[in-house]
Amino acid sequence: MSHNNNAGAGPSLGAGLPGAPISLGRKPRPVESAIKAALFVSAMLSVAITIGILVALVEPVIHFFAEVPVGDFFSFDEGTRYAVFPLITATMVTTVIALVVAVPLGLGAAMYLSEYASRRARKYLKPTVELLAGVPSVVYGFFAVMFVTPTLLQDVLGLGVGFTNALAAGLVLGVMIIPTIASLAEDAFSAVPQSLRQGSFAMGANRMQTTLRVVLPAALSGVAAAIVLGLSRAVGETMIVTLAAGSQRNLSLNPLEGMQTMTGFMATTAGGENPVGSTSYNTLFAVGLTLFAITFVINMISIALVRRYRQAY
Amino acid sequence: GGDAGADAGDGGSGASGTVAVDGSSTVEPMSKAASELLSEENPDVRVTVGAAGTGGGFEVFCQGQTDISDASRPIEEDEVAACEEGGVEYTELQVATDALTVAVHPDLAVDCLTTEQLVELFGPQSKVTNWSELDPSFPDQEISLFIPGTDSGTYDYMAADVVADESEELRKDVESSEDDNVLVQGISGTEGAVGFFGYTYYEENQDSLKALAIDDGNGCVEPSAETAQAGEYTPLSRPLFIYVSNASYADNPATQEYVDFYVENLETIAEAAKFIPLSEDLYAETQSALEGLSS
Amino acid sequence: MEARDLNVFYGDFHAVHDVNLSYGRHEITAMIGPSGCGKSTVLRCLNRMNDLVTGARVEGEVLYHGQDIYQKGVDPIAVRTHIGMVFQKPNPFPKSIYDNIAYGPRVTGMKVDNMDDLVEEALRGAALWDEVKDKLKQSAYGLSGGQQQRLCIARTIATKPDVILMDEPCSALDPIATARVEDLMLELRNQYTIIVVTHNMQQAARVSDRTAFFTARPDETTGNRTGLLVEFDLTSTIFSNPHDKRTEDYISGRFG
Amino acid sequence: MEARDLNVFYGDFHAVHDVNLSYGRHEITAMIGPSGCGKSTVLRCLNRMNDLVTGARVEGEVLYHGQDIYQKGVDPIAVRTHIGMVFQKPNPFPKSIYDNIAYGPRVTGMKVDNMDDLVEEALRGAALWDEVKDKLKQSAYGLSGGQQQRLCIARTIATKPDVILMDEPCSALDPIATARVEDLMLELRNQYTIIVVTHNMQQAARVSDRTAFFTARPDETTGNRTGLLVEFDLTSTIFSNPHDKRTEDYISGRFG
Amino acid sequence: MSVATTTARDTVRIATGKSRERSTGSLVFLGLLWFSLFFGVMVLVVLIADTAIAGAGRFDPALVTRYDSTLFPERTGFRAGILGSLWLMLFTALMAVPLGIAAAVYLEEFADSRRWYNRIIEVNLQNLAAVPSIVYGLLAVAVMALIGIERKGIVLGGAIALALLILPVIIITTREAVRAVPEEIRQGSLALGATTWQTTWRQVLPSAVPGIATGTILGLSRAIGEAAPLLMLGLASSVRFDPEGLMSPITALPIQIYGLSSNSQEAFQDAASAAIIVLLVMILGMNALAIFIRNKFQRSW
Ligand SMILES: Nc1ncnc2c1ncn2[C@@H]1O[C@H](COP(=O)(O)OP(=O)(O)OP(=O)(O)O)[C@@H](O)[C@H]1O
Ligand SMILES: Nc1ncnc2c1ncn2[C@@H]1O[C@H](COP(=O)(O)OP(=O)(O)OP(=O)(O)O)[C@@H](O)[C@H]1O
Ligand SMILES: [Mg+2]
Ligand SMILES: [Mg+2]
Ligand SMILES: O=P([O-])([O-])[O-]
């Protein structure tokens, strides 16, 4: 290491360190390195969890297909014990109903929060809407069974629905995902640059026109991401559909009927305490893997959409 | 299985530890009542009672995962084999009699079914979807079926002993659950609904259900404690059991205490849980089986 | 149009103090001054865009054809259809070029016989027609910065306003694009009253008929800087023969 | 210290081109130039703060007492203990005044006999002691902007560096606070080598011994503006008698 | 000047009397937005009111002090579920909070986001946050099998499932809190010769504590309401003793509610309603606490 070599007649180097040699060499910092490694491992754990999910799901599924013909699983026949398509269609029915409820309401709430509410009002209104996401799904399920079906659907609307039906489950599911959609859509609306709104107002547009014709189209990919994420939540939600949609394997698109969704199947089957390794235990994993695959694809779409709107500005 | 507490055998009835009970949802209320009554005397004995259904209960029981298995039918051959393979020896104790009840929505204008009609209604080939198809005098009302899951002894009993089809299965266009409460809710909430489960569930929910009388050739017989005990309610009267693991009874003081208490107070427990108690003869049989276990 | 005793507050902060200014019809008026002296604030008051800023409060009068636009009963939206605005950063909508132009007429409910003609007219007016006539259906985001800014001007004139406000319309553009926008401003002068905020004194000197010079005076106790109008005169006078010392200092680059 | 053939890239963007500059010991060197010409970038290279900018790449040498601080084996953290830095916006830590000063000595593991003395010395060095000596335990956030900036300077000198880099240290301050910081810089000159980036030419003229003038040259094809050093000389020469036309234009306010 | 001689428009009418902001269409639209905003709140009010009325008769000490009872429906209690949920929450927090914070700190302060493995972690986290909770139950089942624990329905299994479930939530909120600490603070520290870890530990984390606390509480309030993953782990709905260790069989409040919800005996349903109110009070209380911390302690830089 070179030192200062008569760099001038002035006082010695380093104002506060008279005569101290300047050493810039790298010092070993074992604690620092160890901590960094530990933090890295913690972060990698999330990847391990994903791999874990896959391995944990795939292994029993291999055993499952050793016992059950693939055709029986991928079957539309609701009479076949292991048919998955009746479960998937049931999930689709409840999810579509949920989206019909949650998309307009969620986007409406998001528009109000981002385009109409004052900063102060938003500070209180947003957590209020998000409270809806805090209600446990078993509570929503109970509410669907105790109130929505008997009081709302049967008494008030006079629908000929049974005790369990996809409609009540879908409606309540929709309420549950409102905050998911509202929150992400509000982010997307807020990310639209102020200059676009100013441009619109300066043209003589009113707030509604600005919101619907400028902000909404500009935020479209973010809005799409919000809807897709809501969709993913609805597909994966368990307790509401277990309680309210019923446990009848039913290949039907009629929302007034009871039908068993993928998650509903898993919850009821697990409730039956199946011993490790039995075929019905493995079914759980076969359906679980299907569910994971479906939501995984949906989530990736949502992530890609979010990335797009983040990049747009 | 349950593991004995550290202070096992601490004198008196101070046994402690955990007991795992699973199996029939029909018997579950009774086993729960037993545990609840026991806990008032000895809170250190910790009993968990599951309701996986008779079949589901035997599956875990024969793997040694539970101490006691509740059953609404006798153990079947393949289950015997499974227990042998799992090295689980057991003792069968009858704890109550059941009048398997066929219940309908309270507004349905049907009061009695013949055994043949039962078969026609629940059998695997059944295409009956309207009550009037079963009998022209019945109302023109669509049928919804709520029946126990395939892991349940009640399902097995109806399939094997009543419908008695070769496949030992029932029709599949039904709503099914291992949880009898779900069936009760379904039937009471759906017009034209019919289903079946243990008598207890009917008795607890008399207000919202209607039980059908069954005509087995000798006129319509209502399900009740008397008709079941007298053997008049056929073919739906059946015995209810608990299966106790011999090893657990010997090694786990908590199991022993629970089973002893169960049998000793059988009538009290049955009444508290709204079950049909055993006749004196049957009770004596159970007591002697317990003695065999203790020795 | 004319501002009378205009005072603007953001919350408690007094941003602009007692501005009196009258803008000549079919003239270009430039507003210059150091950063933060309230030029943009005054400009935004002229078409009530400041209504959209939370906490902003305007006192005084802004007369437009003799009517105070801050009077009760005046619809700020109607005001803005008469007095258009172009911003510092080009802000085309994420729509096609055509739809950008058609947006204003559509939302204001203007009676339009033939939208295609109107779009062409506006684009010609903004000297953009030849460059974009083959890609009217393409996204406006595909245009260069200078083209986008002229598109924003075209969009504004499509609603047939009377006055056009411009807030540093060239500061995000390169010199060539700037020159084209300046040419456009000079062309538009025949038909529109233009009020332009600029940082670029050369620009003010090149395009404007009159120039208003603003500065900011710090409050002695709080240190808040309140903007005020120092001098307003013919552009040639301001640049060659300013009356106020502060103007002279600014023009000669001695502060700011 | 000295920069030799310094080139800096942010990703693909060539931000600074071939800067050669040697800073005089116990002098104040000012770096001036229009916005975006790379002054801050060069400054950050001098104590390897650019290591923390993702995508930044430095080529060339920065010699500190003859050693290239970009050499392999050099510990950037050790570099920063010798070469301190003060930022544009005062950035005290959300801690007490005392802890702000003590933070550097603590984290670098400096051997300190009496921390109280060190804190006092640093605060005196930054001409802040009298104003804060009664509230050392209070949060630094309670100080005024100017006091906060002097606290940041005090914090830097507490670690006894050799060189202090300052990036527009007064641009967030009012004139009075600015004057005090400038006074402080002149005082510190006796003990430290100071390198300061400033936008304010008057400031450069007032405090610095030498001035480096940077500008940015746009690339003809891409339009990217790459910074380069135009002229480096005694401050008096730069301001009174610049050699380069561009420097003269800038100094006289004709561009920038 | 102010006299319109030859204007571009024939008349200058700006005092229209009626603003287009208040045209019928606009007002209807605004009404719809209001409805959207308050629909959810209305549902929540109906839910709480309906449940509270049903459970009104059961707000007695027995509700929280007694175990569940099949023999005396009107005296059934949720002691085991409440204690079970609290135990689960404790162990969930012990597992998830340190891990989550560590991962978040790595990603924000140490990771070079251009490296492929860090990008994978990033995308993966976003994805995990949206994995259905029931799948986490299956994962915990597998983890339990992996470590060779066969007993079902115990504290450990439930806590693993819930910890896995809320880990992404904690990581994401911690990252936000860490990111909110301004870059100037880091630069100030690094320029004094502090290492990255010193900067993180002494400057960034202390400033981020309120944000981290908010995220943790929200994560735990989500965990306490979950039933689906616990069902996968075989938690019984009836347990008549207090939890006493990691390996102790337990139940949880949501599981007990689920168990009772299918019971059509009115006394049990009323008890379930009362228990729902207890659960909601716990969850809404935690949410309120989180919002309070956020509003009160979060520094706006
Ligand atoms: N929305 C706002 N809220 C609070 N204060 C504001 C707001 N907009 C501007 N100000 C303040 O009002 C004063 C005048 O701002 P204005 O933007 O009008 O200045 P300007 O002359 O246009 O400056 P520049 O040349 O930088 O654009 C400034 O002190 C500014 O900080
Ligand atoms: N972190 C970064 N990533 C990418 N580009 C950067 C980054 N920091 C600066 N630049 C670019 O490098 C160039 C020089 O920036 P720098 O901040 O050094 O300029 P400056 O002379 O300090 O300007 P100013 O006077 O505005 O502070 C600019 O074009 C800037 O956009
Ligand atoms: Mg401005
Ligand atoms: Mg800079
Ligand atoms: O639950 P089961 O009694 O029907 O086995």
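The values are calculated or read from the model by the stated rules, or taken from the named source; none is laboratory data. Keep in mind the model is a prediction, meaning the values are calculated, not measured. Note that we place each Cβ from the backbone using ideal geometry, even for glycine, and neighbour counts take in every protein chain shown. Please note that ligands, DNA and RNA were not included when accessible areas were found on the heavy atoms of the full protein model with its side chains. Shrake-Rupley method; radii C 1.70, N 1.55, O 1.52, S 1.80 Å.
Tabulated data
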item: Output for segment D:150-172, where each listed residue is away from ligand 2 (no atom under 16 Å from the Cβ) and either among the hydrophobic types (A, V, I, L, M, F, W, C) or touching a Phe, Trp or Tyr at 6+ places or on another chain (Cβ under 8 Å) (or both); result: D:L151, D:C152, D:I153, D:A154, D:R155, D:I157, D:A158, D:P161, D:D162, D:V163, D:I164
item: Within segment E:11-23, considering residues that are within 11 Å of chain A (Cβ to nearest Cβ) and surrounded by fewer than 18 Cβ atoms within 10 Å (Cβ to Cβ), the one nearest to C:D75 (Cα to Cα); result: E:S19
item: Residues of segment C:9-37 satisfying the condition of being within 13 Å of ligand 3 (Cβ to nearest atom), at pLDDT 90 or above and over 20 Å from C:M185 (Cβ atoms); result: C:A15, C:V16
item: Which listed residue is within 14 Å of chain A (Cβ to nearest Cβ) and open to solvent by 30 Å² or more (accessible area, probe 1.4 Å), from B:E77, B:E142; result: B:E142
item: Output for segment D:50-66, where each listed residue is within 14 Å of chain A (Cβ to nearest Cβ), out of contact with any helix residue (DSSP H, G or I) (no Cβ under 9 Å at 6 or more places or on another chain) and part of a loop (DSSP other than H, G, I, E, B); result: D:G66
item: Any hit, segment B:83-91, residues being part of a helix (DSSP H, G or I), in contact with a strand residue (DSSP E or B) (Cβ under 9 Å, 6 or more places away or on another chain) and either modelled with pLDDT of 90 or more or open to solvent by 10 Å² or more (accessible area, probe 1.4 Å) (or both); result: yes
item: When residues of segment C:72-85 are limited to those that are of a type outside the set (A, V, I, L, M) and surrounded by fewer than 24 Cβ atoms within 10 Å (Cβ to Cβ), the one nearest to E:S23 (Cα to Cα); result: C:D75
item: Residues within segment C:30-40 that are outside any loop (DSSP other than H, G, I, E, B) and surrounded by fewer than 24 Cβ atoms within 10 Å (Cβ to Cβ), tallied; result: 1
item: Verdict on B:G57 being touching a strand residue (DSSP E or B) at 6+ places or on another chain (Cβ under 6 Å), open to solvent by 10 Å² or more (accessible area, probe 1.4 Å) and within 9 Å of another protein chain (Cβ to nearest Cβ); result: no
item: Any chance B:G55 is at pLDDT below 90, within 16 Å of ligand 5 (Cβ to nearest atom) and in contact with a Phe, Trp or Tyr (Cβ under 9 Å, 6 or more places away or on another chain); result: yes
item: E:L86 being under 16 Å from the mean Cα position of the chain (by Cα) and open to solvent by less than 10 Å² (accessible area, probe 1.4 Å); result: no
item: Number of the condition not met by A:T268 [criteria: (1) buried (at least 24 other Cβ atoms within 10 Å of the Cβ); (2) within 28 Å of A:V172 (Cβ to Cβ)]; result: (1)
item: Any helices (runs of 4 or more DSSP H) falling wholly within segment A:101-195 and containing at least 3 residues that are of a type in the set (A, V, I, L, M) and within 10 Å of chain E (Cβ to nearest Cβ); result: A:119-134, A:166-191
item: Residues being within 14 Å of chain A (Cβ to nearest Cβ) and either open to solvent by 40 Å² or more (accessible area, probe 1.4 Å) or among the aromatic types (F, W, Y) (or both) - total across segment B:186-209; result: 1
item: Residue identified as within 17 Å of the chain's Cα centre (by Cα), more than 16 Å from ligand 2 (Cβ to nearest atom) and either modelled with pLDDT of 90 or more or of a type in the set (K, R) (or both) among D:V62, D:V79, D:V42; result: D:V79
item: Condition check for E:I120: surrounded by fewer than 23 Cβ atoms within 10 Å (Cβ to Cβ) and more than 7 Å from chain A (Cβ to nearest Cβ); result: no
item: Residue tally, condition charged (D, E, K, R) and assigned to a helix (DSSP H, G or I), over segment E:233-287; result: 2
item: Some residue of segment E:80-87 being more than 30 Å from E:E183 (Cβ to Cβ), out of contact with any Asp or Glu (no Cβ under 7 Å at 6 or more places or on another chain) and within 11 Å of chain A (Cβ to nearest Cβ); result: yes
item: Qualifying position, being open to solvent by less than 10 Å² (accessible area, probe 1.4 Å), within 14 Å of chain A (Cβ to nearest Cβ) and at negative phi, among B:L183, B:L212, B:L236, B:L266; result: B:L183
item: Every pair of residues 6+ apart whose Cβ atoms lie under 7 Å, when the first sits in segment E:210-235 and is open to solvent by 10 Å² or more (accessible area, probe 1.4 Å) while the second is among the aromatic types (F, W, Y) and outside any loop (DSSP other than H, G, I, E, B); result: E:P210/E:F297
item: Cβ-Cβ under 7 Å pairs, at least 6 apart or on other chains, segment C:30-41 side within 14 Å of chain A (Cβ to nearest Cβ) and over 10 Å from C:F214 (Cβ atoms), far side near ligand 3 (Cβ under 10 Å from one of its atoms) and not hydrophobic (A, V, I, L, M, F, W, C); result: C:S40/C:D167
item: In segment A:201-216, the residues that are open to solvent by less than 10 Å² (accessible area, probe 1.4 Å), within 7 Å of chain C (Cβ to nearest Cβ) and in a helix (DSSP H, G or I); result: A:A202, A:V214
item: The lone exception for C:Q88 - which of (1) within 11 Å of chain A (Cβ to nearest Cβ); (2) open to solvent by less than 20 Å² (accessible area, probe 1.4 Å); (3) touching a residue at least 40 places away in the same chain (Cβ under 8 Å) it fails; result: (2)
item: Some residue of segment E:188-200 being open to solvent by less than 10 Å² (accessible area, probe 1.4 Å), in contact (Cβ under 8 Å) with a residue 12 or more places away in the chain and aliphatic (A, V, I, L, M); result: no
item: Residue ranges of helices (runs of 4 or more DSSP H) in segment D:140-256 with at least 2 members more than 17 Å from D:E27 (Cβ to Cβ), within 14 Å of chain A (Cβ to nearest Cβ) and not hydroxyl-bearing (S, T, Y); result: D:145-158
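Yes/no per residue for (1) within 16 Å of ligand 1 (Cβ to nearest atom); (2) within 21 Å of D:R80 (Cα to Cα); (3) aromatic (F, W, Y); (4) surrounded by fewer than 15 Cβ atoms within 10 Å (Cβ to Cβ):
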position	(1), (2), (3), (4)
D:V132	no, no, no, no
D:Q138	no, no, no, yes
D:A154	no, yes, no, no
D:A158	no, yes, no, no
D:T178	no, no, no, no
D:Q202	no, no, no, yes
D:S208	no, no, no, no
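Each row is one residue, and each column tells you yes or no for (1) closer than 25 Å to C:N190 by Cβ; (2) open to solvent by 10 Å² or more (accessible area, probe 1.4 Å); (3) touching a residue at least 40 places away in the same chain (Cβ under 8 Å).
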position: C:N47; (1), (2), (3): yes, no, yes
position: C:V58; (1), (2), (3): no, yes, yes
position: C:Y70; (1), (2), (3): no, yes, no
position: C:V107; (1), (2), (3): no, no, no
